[in-house]
Amino acid sequence: MSKTKFEWRCFLLMTLCLFCMMKGFATPEKGKEYTLLYITSYGTDSYQMQDQLLHYLNDNSHRDYSYIPACEAMGCDALTDVNSWQKRMDDILKKYPNPKAIVLQGNEAVITYFSPKNEQFKHIPVYVLQCNSRLACLPASMGIASMVPSEKGEHMRDARRIMEGFNVRYLELTSYDPYANMDLLQRLYGHTEDVAVLTDNTYTGWCMQQEIKEAQYRYTKWNFHYIDGCYLTMQQALEQVKALPPHTVMLLGCWKIDRDKTNHLSNAVYAFKAAKPAVLLPVFSFSGAGVGYWAVGGKIPRNQGKEKMAIDFFCADLDKGMTGAPKTVTLPLEFVFDETQLPV
């Protein structure tokens, strides 16, 4: 083969590759309709950006193309149902095999969507809301391939690791600081010997529990009592709170779903507050739950303004054809205290 023919073929090959790349990142075409798939981990009433999103998508005055929203709820309530989550996600993706973009809300949607087998979805723009910055690994028997430990002794994983290779346009991360909160307890109540940790029967609750367990080895003088909704009903948990040793400090993660999958979101904190014996020291929160009506306070994520930040980026990104730089937002942590609950 002559040098000229070889160079010509190389040129054609490079041109073809460039064309394919440009096609993959093409901006929306005039007059077309595109499916925008919104998947929430929870129920149909929990679409975080639904109202703003629908308002934006229904306004076609500034666009020559249309986005048709498709909202799907996985219904991931109790952690004890984890074996069915991957199938729920797979069934949703089969219904919408060619979405223009995907919005994921919640840890459960994240860990099931970013599966190594979802090769055909890796190029699709994804916007992630309500995701922990660190996620608890799951046994292989639970069927979530993305969260099976990849190395010996791995208990927690950076959420961004499971997203590698996917086209993540916006990522909203929530982090916790168990060390800062336990250091706070140590400074204020250094004489205590017992710390109780309250978490529920949800994947998020389990992640919170694993965060504390990972950090507890720094605090060797404390006895840790885990009040775990994966194994306890609400009534059993209340009895365990009543039976805690005197002068126990409590760390509050969350309590929404108990062992029987009963939802106690509206009354749980008040029930635990009423059950707390007088000999227990004040309750602290590392998640933000209970602050304002039970917990003294703690170092917690600051959630104010996150919805506006997400919708502003999302709408601007769609208008630009998703060609700008992606964005990661880690919610800042701050110490918050309720002066009405502070000890006198």
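For the stretch 208-229, enumerate the residues that are within 14 Å of residue 194 (Cα to Cα) and not in a helix (DSSP H, G or I).
Within the stretch 208-229, 219, 220, 221, 222, 223, 224, 225, 226, 227 meet the criteria.
Go over the candidates 338, 258, 312 one by one and state the one that is closer than 30 Å to residue 67 by Cα and either at pLDDT below 90 or under 22 Å from the mean Cα position of the chain (by Cα) (or both).
Values: 338 fails: closer than 30 Å to residue 67 by Cα; 258 fails: closer than 30 Å to residue 67 by Cα.
Step by step, each of 338, 258, 312 is checked, and only 312 is closer than 30 Å to residue 67 by Cα and either at pLDDT below 90 or under 22 Å from the mean Cα position of the chain (by Cα) (or both).
Based on what the data block shows, is residue 279 among the β-branched types (Val, Ile, Thr) and surrounded by 18 or more Cβ atoms within 10 Å (Cβ to Cβ)?
Taking the combined requirement at face value, the residue does not satisfy it.
Can you tell me which residues in the stretch 149-207 are within 22 Å of residue 295 (Cα to Cα), part of a helix (DSSP H, G or I) and in contact with a Lys or Arg (Cβ under 8 Å, 6 or more places away or on another chain)?
Those that are within 22 Å of residue 295 (Cα to Cα), part of a helix (DSSP H, G or I) and in contact with a Lys or Arg (Cβ under 8 Å, 6 or more places away or on another chain): 179, 180, 181, 182, 184, 205, 207.
Has the stretch 144-162 got any residue that is at pLDDT 95 or above, touching a helix residue (DSSP H, G or I) at 6+ places or on another chain (Cβ under 6 Å) and farther than 24 Å from residue 211 by Cβ?
no
The values are calculated or read from the model by the stated rules, or taken from the named source; none is laboratory data. Keep in mind that what you see is a predicted model, and the values were worked out from it rather than measured. Neighbour counts run over all protein chains shown; Cβ positions are idealised from the backbone, glycine included.
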